[in-house]
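Report on the structure given below.
No lab work stands behind these numbers, since they all come straight from the coordinates. Keep in mind it's a predicted model, so treat the numbers as computed, not measured. Cβ: placed from backbone, ideal geometry, glycine included. Neighbour counts: every protein chain shown.
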Amino acid sequence: MALTECPSCGKTISDKAKTCSHCGFGVGDASSEDLLRKKNFNKFKRQHSIQNQSMLAMLMFVSGFGFMYWGGTRPGDMQHNLAIACSVIGFIWYVINRVRLIFIKRAD
Ligand SMILES: [Zn+2]
């Protein structure tokens, strides 16, 4: 018995199984064209969610930065520190999402 990857959820299943035991995807029924389409769709969904997250991260970075400059707070203030933390986290999150996107695009 050989193991293969479920084209729908990516978990390991037996290649004799007609349906995936994890997500119920009909492996046996699907043609290779269906499988490819499903795979591309999943990739697209993942890319889309990461793109949304990087937008959110960018927004966090910009608003944190904006608040730091125009929020009327001074260095040392609680709000000022929060704004700095917000922009730093936003920036790091953004970079992480960009890297994840590059890896997804490189995969197969
Ligand atoms: Zn599955």
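Quick look at the values:
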quantity: Alpha carbon convex hull of the range 1-90, volume per residue in cubic angstrom; calculated: 114
quantity: Relative pair counts by distance (%), Cα atoms of the range 7-59, 5 Å bins; calculated: 4, 19, 21, 19, 11, 9, 8, 5, 2, 0
quantity: Local net charge near C6, Cβ-Cβ under 11 Å (Lys/Arg +1, Asp/Glu -1); calculated: +1
quantity: Over 22 Å (Cα to Cα) - which of K11/K43; K18/K45; K11/K39 fall in this group; calculated: K18/K45
quantity: Per DSSP, loop trypsin sites (Lys or Arg not before Pro) in the range 15-86 with at most 15 further Cβ within 10 Å; calculated: K16, K18
quantity: Inter-probe distance in nm under a simple model that places probes 7 Å from Cα toward Cβ, at S63 and T19; calculated: 4.3
quantity: Under Karplus coefficients 6.51, -1.76 and 1.60, residue-wise ³J(HN,Hα) of the range 68-81 in Hz, glycine/proline x; calculated: 4, 8, 10, x, x, 9, 10, x, x, 5, 4, 5, 5, 5
quantity: Computed magnitude of the charge dipole of the range 10-85 (debye, nearest 20; Cβ of K, R +1, Cβ of D, E -1); calculated: 220
